[in-house]
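The values are calculated or read from the model by the stated rules, or taken from the named source; none is laboratory data. This one's a predicted model, so the numbers in the text were calculated from it and none came from an experiment. So basically every Cβ, Gly included, is an ideal-geometry build from the backbone, and we count neighbours across all protein chains shown.
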Amino acid sequence: MGGGRAPVRRERGATVEPMENNPSAHAPAPVPQRTRGRVLVVDDDPTVAEVVVGYLHRAGYAVEQADDGPAALGRFAECRPDLVVLDLMLPAMDGFEVCRRMREHGPVPVIMLTARGDEEDRILGLETGADDYVTKPFSPRELVLRVDSVLRRARAVVPVDDAGPLSGGGLDLDPVARRAHRDGRALALTLREFDLLAFLLRHPGKVFGREELMREVWGWDFGDLSTVTVHIRRLRGKVEQDPAAPG
């Protein structure tokens, strides 16, 4: 993180929007008979964690929990979740470092929870490797939709027409194995970065707006367009020899 960075701020108060008049929002949710996937929820605010876990259970997910960074890494190693919902502001180890350490074990989709207005933190979270972020206060239903979307993209079977190798500008991609190389050198890309690069290589010479990229790559018709901007900047830093002078 670097010694010059100020401590991560902890904001309490309203972190989850009203539960749409749902009196059972805080009630324990039964574990579904058949799950849509396993999600690790990491948040030290018990109220937020309880609400998020309840909504994910009702949406059909099996859920693991942790309330600080070291515990999150331990649960991650034990259960190998399909996706992680990770609060940025954690005791002992912040969400940036937790995300970095999880990434060392291979790609895993991460949705980061951040305080509203912390633009620098949101950008750094995406640059650390998070696939998406949700700002507090947030709608639990929106969070579930984000989980659905990120997992759907991560699990998508590559269509036969799109399964062939992609290349251009010194880049080589294998969409099936999800491997990328630049001039023979392996690139460490997040799931979303890989999807973005593959989409651009399939449409050489074509210019896309951020709204189009969000719809085609993220699969969303709405959302914060800065997500697209940060991913493009991050991707350029990885694939271009001189990101300041793209070829």
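Which of the numbered conditions does Ala180 fail, given that it passes all the others? Conditions: (1) over 16 Å from Arg233 (Cβ atoms); (2) surrounded by fewer than 20 Cβ atoms within 10 Å (Cβ to Cβ).
(2)
With the condition kept exactly as written, say whether any residue in the range 191-204 is closer than 22 Å to Ser149 by Cα and in contact (Cβ under 8 Å) with a residue 60 or more places away in the chain.
Yes - at least one qualifying residue is present in the range 191-204.
Within the range 171-199, restricting attention to residues that are in a helix (DSSP H, G or I) and modelled with pLDDT under 90, which residue is farthest from Arg103 (Cα to Cα)?
We begin by selecting, within the range 171-199, every residue in a helix (DSSP H, G or I); these are 191-199.
Among the residues that remain, those that are also modelled with pLDDT under 90 are: 191-195.
On the way: Leu191: 11, Arg192: 14, Glu193: 14, Phe194: 15, Asp195: 17 Å.
Checked the range 171-199; the qualifying residue farthest from Arg103 (Cα to Cα) is Asp195.
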